[in-house]
Amino acid sequence: MARFVVDCETLLRIAAGEVEVSAAHQLVAPTLVRSQALAALYGAARRGEISPAEGIERVTRINSLKVRFLGDKVLQRTAWRVAEQLGWETTYDAEFVALAQLQADAFVTSDRSLSRVASGLVETTTVEALRTA
């Protein structure tokens, strides 16, 4: 069994049925990913990429996924340090990296730039790792 931190794009792909996660894995994410996913789905519906009904259905799926959402003060402090260390303007991406440092075996992201930078601090991987046990 492996524990993976998933980013917003990965979570959206799981909710859309594009990625099936092996039952052998546990998923974790910072609590901010819920707001990111909600905003992304709302934006997609506003642009006509998905229907509002599909957007709401995917939000419902995200809320029913077996993902542990975390956002405690230890995560916040660690994210602060990660953002400082990497010279980032915000702590948003740092929360994912920090959570991987604290709670996971690897960080799953399709953002190549983020993966490249984060790989200096944590193990990174692609969604393919979620499919296999």
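Please treat every number below as a calculation from the coordinates, not as lab data. None of the values given here were measured: they were computed from a predicted structure. Cβ placement follows ideal geometry from the backbone for every residue including glycine, while neighbour counts extend to all protein chains displayed.
If you wrap the Cα atoms of segment 26-83 in a convex hull and average its projected area over all directions, you get 4.8 nm².
All other residues whose Cβ lies under 12 angstrom from that of TRP80 are scored, Lys and Arg at +1 and Asp and Glu at -1, for a net of +1. In the chain, helical runs assigned H by DSSP with n ≥ 4 each contribute -39500 (n - 2.57); averaged across all residues and rounded to the nearest 500, the mean residue ellipticity at 222 nm is -16500 deg cm²/dmol.
Of the GluC sites (Glu not before Pro) found in segment 2-33, those in coil by DSSP whose Cβ has at most 11 other Cβ atoms within 10 Å are GLU18, GLU20. Grouping the Cα pair distances of segment 70-133 into 5 Å bins from zero gives a pair-distance distribution of 4, 20, 30, 25, 14, 6, 2, 0 percent in increasing distance order. Using C-alpha pairs below 8 Å separated by at least 6 residues, the relative contact order for the chain is 34 percent.
Within the shell of other residues whose beta carbon sits under 9 angstrom from the beta carbon of ASP93, the net charge comes to -3, with Lys and Arg scored +1 and Asp and Glu -1.
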